[in-house]
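The block underneath contains the structure these notes are about, expressed in structure tokens.
The values are calculated or read from the model by the stated rules, or taken from the named source; none is laboratory data. This one's a predicted model, so the numbers in the text were calculated from it and none came from an experiment. No Cβ is skipped: glycine too gets one built from the backbone with ideal geometry, and neighbour counts run over all protein chains shown.
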Amino acid sequence: RPAQGRTYGNLGNTQYLLSNFCNAVDSHKMRLLIAKEFGDLAAERRAYCNLGNAYIFLGEFEKAAEHYKRALQLARHLRDRAVEAQACYSLGNTYTLLQDYERAIDYHLKHLIIAQDLGDKVGEGRACWSLGNAHTALGNHDQAMHFAERHLEISNETGDRC
Amino acid sequence: PTRMHVIQVDSVQRWMEDLRHMTEVE
């Protein structure tokens, strides 16, 4: 049974990389079910994250957000800060797709704080870029400017010409 | 889409480009 779980996970990932997102969801749901049977929280967290990603490409953003939230709860429970940051970043982008910019800002700020704690310059730059855009969408131009300037500083530091 | 919408999407688009190749490996 544990091997079946791992195989469903691998199958889901392969279907996802082939852009067969409905099949990917079916496989990752099976992976999640088996992870729950064994109380395998790390596998459960991976399945929620993989499901969230697949729902994004199916255009089901609300469902994606629900799955990313479960992944975030588990990342916190497992005390994995890098994975917690990734879940916050995913939620920030998902709420931007849903045009809920206040929630997007909440999650991008959470991502920013963790990226700073971990010394992750690429993550910090992405967070500032995202925050600048969300504040622009809300008409908070002073805040947008602040984050755009910080994004520029970090891009110069990391040599990111793009 | 408005200009603002286009601006708003560019950081999300970049995320989605990365996401397409990102899987949580067993």
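Among the candidates A:64, A:137, single out the residue that is in contact with a helix residue (DSSP H, G or I) (Cβ under 9 Å, 6 or more places away or on another chain), within 13 Å of another protein chain (Cβ to nearest Cβ) and closer than 26 Å to residue A:21 by Cβ.
Going through A:64, A:137 in turn, just one is in contact with a helix residue (DSSP H, G or I) (Cβ under 9 Å, 6 or more places away or on another chain), within 13 Å of another protein chain (Cβ to nearest Cβ) and closer than 26 Å to residue A:21 by Cβ: A:64.
Within region A:105-121, is there a residue that is over 21 Å from residue B:13 (Cα atoms) and either of a type in the set (Val, Ile, Thr) or under 14 Å from the mean Cα position of the chain (by Cα) (or both)?
Yes, region A:105-121 contains at least one residue that is over 21 Å from residue B:13 (Cα atoms) and either of a type in the set (Val, Ile, Thr) or under 14 Å from the mean Cα position of the chain (by Cα) (or both).
Among the numbered criteria (1) touching a Leu at 6+ places or on another chain (Cβ under 9 Å); (2) surrounded by fewer than 22 Cβ atoms within 10 Å (Cβ to Cβ); (3) free of Cβ contacts under 8 Å to residues at least 24 places away in the same chain, which single criterion is violated by residue A:83?
(3)
Select the helices (runs of 4 or more DSSP H) contained entirely in region A:38-102, then report the ones holding at least 2 residues which are more than 19 Å from residue A:127 (Cα to Cα).
Because the criterion is at least 2 residues that are more than 19 Å from residue A:127 (Cα to Cα), the helices (runs of 4 or more DSSP H) in region A:38-102 that meet it are A:41-57, A:61-77.
What single numbered condition from (1) facing another protein chain (nearest Cβ under 10 Å); (2) over 30 Å from residue A:36 (Cβ atoms); (3) modelled with pLDDT of 95 or more; (4) in contact with a helix residue (DSSP H, G or I) (Cβ under 6 Å, 6 or more places away or on another chain) fails to hold for residue A:56?
(2)
For the structure I just gave you, tell me whether residue A:149 is away from every other protein chain (no Cβ under 11 Å), surrounded by fewer than 16 Cβ atoms within 10 Å (Cβ to Cβ) and touching a residue at least 12 places away in the same chain (Cβ under 8 Å).
no
Go through region A:6-31 and count every residue that is buried (at least 23 other Cβ atoms within 10 Å of the Cβ) and more than 19 Å from residue B:21 (Cα to Cα).
Residues meeting the conditions: 1.
Answer yes or no as to whether residue A:131 is without any contact (Cβ under 8 Å) to a residue 40 or more places away in the chain and in contact with an Asp or Glu (Cβ under 8 Å, 6 or more places away or on another chain).
no
Only one residue in A:63, A:36 is surrounded by 15 or more Cβ atoms within 10 Å (Cβ to Cβ) and over 15 Å from residue B:24 (Cβ atoms), so which one is that?
A:63
Within region A:71-90, which residues are away from every other protein chain (no Cβ under 13 Å) and among the charged types (D, E, K, R)?
Scanning region A:71-90 gives A:76, A:79, A:81, A:84.
Which one of these does residue A:76 not meet: (1) surrounded by 15 or more Cβ atoms within 10 Å (Cβ to Cβ); (2) free of Cβ contacts under 8 Å to residues at least 12 places away in the same chain?
If we test residue A:76 against (1) surrounded by 15 or more Cβ atoms within 10 Å (Cβ to Cβ); (2) free of Cβ contacts under 8 Å to residues at least 12 places away in the same chain, just (1) comes out false.
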